[in-house]
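The values are calculated or read from the model by the stated rules, or taken from the named source; none is laboratory data. This structure is a prediction, so every number in the text was calculated from the model and none was measured. Here the Cβ positions follow ideal geometry from the backbone for every residue, glycine too, while neighbour counts run over all protein chains shown. Accessible surface is based on the protein model in full, side chains and every heavy atom, while ligands, DNA and RNA are left aside. Shrake-Rupley method; radii C 1.70, N 1.55, O 1.52, S 1.80 Å.
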Amino acid sequence: MEKAQLEEEVQRQLEILRRGTAEIVSEQDLGVKIRNSLLSGKPLRVKLGADPSAPDLHLGHAVVLDKLRQFQDLGHQVVFIIGDYTARIGDPSGRSKTRPPLTGDQIDANAKTYFDQVFRILDPHKTEIRYNGEWLGHLSFEEIIRLASRFTIQQILERDDFSKRYRSQVPIFFHEFFYPLMQGYDSVAVEADVELGGTDQKFNFLLARELQVQLGQPAQVAFMMPILPGLDGVQKMSKSLGNYIGIAENAVDMYGKCMSIPDGLMEQYFTLLTSLPEPEIRGIMRGIADGSVHPMAAKKRLAYLVTERFHGTHSAAAAQANFEHVFSNRASTASADIAYEKVMLPPEFAGLHEVAIVDLLYGLKAVPSKSEARRLIQQGGIEIEGQRVSDIGFRVSLDGSPIHMRVGKKRFLSVNI
């Protein structure tokens, strides 16, 4: 490969990999590694570690998996590490208290479900599956002590979650300090060139870089992706918070949940979860801002593209048709046998394209509090156009036609827009 062609290919790969990234430490190092890979013909080893703390993956995980797939499509090797050993400690990243360790049976059960989901995105032929018990389980106590001696307590306390707990006098157990060391040792064991994860993993990634250098390896590139906000638009997507879209959900539910995200998240979801070119995404967002593109139309396109990725064109089209039948043709879906109480949309929602179901229920005075609204939703006590709402982050379209709701067992509302 001639020098000009080489540099062109390096820049091409960097441009592809740069999209949607929160931070790369460092992009210059990544360019060097890609260049050396092209010259040697040896693919980069790109690591992702996953503790099997829950069996289901959601679109927040897909953000990182998509970036791994980009590395694969560029000819590189993914090393997917199931943290069977580190799960016995539990990663304290972003947590305000000690995370309970998992049992061996829980780890095995959760790990088995990972692969069917992961390989919806990754190429199994370019994925090396490893368990970190392979190397961590064979370290002697002397080797562990020597590993720990390479870093100071002051360095470990620089990690944000540890420092907050220390200042707040929340207990930090000694074994938790070993988690970043163990994750760093994973990078050494698999000779990682790049490590991918969320921005909450930055401390662990940088510690791994330092450990690799101390042990005579080139430092890995720390490649950090944004944390995807959940359906509530506030907290990160999480199954425990109920604001998630699972990658294994059926097409109808996936499409419907995508339609419930806040308008303000559309650009981020388009960028991180679809392959739509960035100039086209910017055009959509400009159109929403100047009124030439209706937010509902943009969101339908987003929901279609995300659903199509995981279920194919036919299922995505069917899910969209179902959504339009149920939610867009509201007048025809209301039962004539039900006596609806007619109410007006509260004035504070005037001019909005959509509203959170919790806010709408509270604004209509259909519930005494927002916590009661959440309770009713979680217990299956809310329906819109005959469809049960199970997601507390669900957002209701205000497209001009009446909204037919069931609140509790016996109250039926027809909300005039």
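General observations
- Heavy atoms of T152 accessible to a 1.4 Å probe, total area in Å² rounded to 10: 70 Å²
- Longest segment of the chain lacking GluC sites (Glu not before Pro) that sit in a DSSP loop with at most 15 other Cβ atoms within 10 Å: 192-417
- Shape call, the stretch 290-417: gyration tensor on alpha carbons, a/c limit 1.5: prolate
- From the alpha carbon centroid of the stretch 122-180 to that of the stretch 218-270 is 27 Å.
- Reciprocal of mean inverse Cα separation for the stretch 185-264 (Kirkwood radius, Å): 14.9 Å
- When the chymotrypsin sites (Phe, Trp or Tyr not before Pro) in the stretch 103-133 are filtered for DSSP coil states and for at most 15 other beta-carbon atoms within 10 Å of their beta-carbon, the remaining sites are F119.
- Counting only alpha carbon atoms, the long axis of helix 104-118 and the longest principal axis of the chain meet at about 70°.
- Remark: relative contact order (the stretch 365-417) = 29 percent; criterion is Cα-Cα distance under 8 angstrom and separation of 6 or more residues.
- Antiparallel bridge percentage (DSSP; both residues within the chain; nearest 5): 45 percent
- Long-range HN-HN contacts of V79 with modeled amide H, under 5 Å: V46, K47, L48, E128
- Helical runs (DSSP H, four residues minimum) scored at -39500 (n - 2.57) apiece and divided by the length of the chain put the mean residue ellipticity at 222 nm at -14000 deg cm²/dmol.
- Over the chain, accessible surface divided per residue gives 48 Å², non-protein components excluded, 1.4 Å probe.
- For the stretch 215-231, putting each phi into the Karplus relation 6.51 cos²θ - 1.76 cosθ + 1.60 with θ = phi - 60° gives couplings of 9, x, 9, x, 6, 5, 8, 8, 10, 10, 9, x, 7, 6, x, x, 5 Hz, in residue order, rounded to whole numbers and with x for Gly and Pro.
- Cross-link pairs beyond the 24 Å C-alpha cut-off, checked among K239/K410; K33/K126; K239/K299; K164/K202; K342/K410: K239/K410
- Note, ³J(HN,Hα) from phi for the stretch 149-157, Karplus 6.51, -1.76, 1.60, rounded to Hz, x at Gly and Pro: 6, 7, 9, 9, 4, 4, 5, 5, 6
- Binned Cα-Cα distances of the chain, short to long, each 20 Å bin given as a whole percent: 23, 50, 24, 3
- In order through the stretch 349-355: 3J(HN,Hα) via Karplus (6.51 cos²θ - 1.76 cosθ + 1.60), integer Hz, x for Gly, Pro: 9, 4, x, 7, 8, 7, 8
- Built amide H within the under 5 Å cut-off of M225, gap 5+: A22, G197, G198, T199
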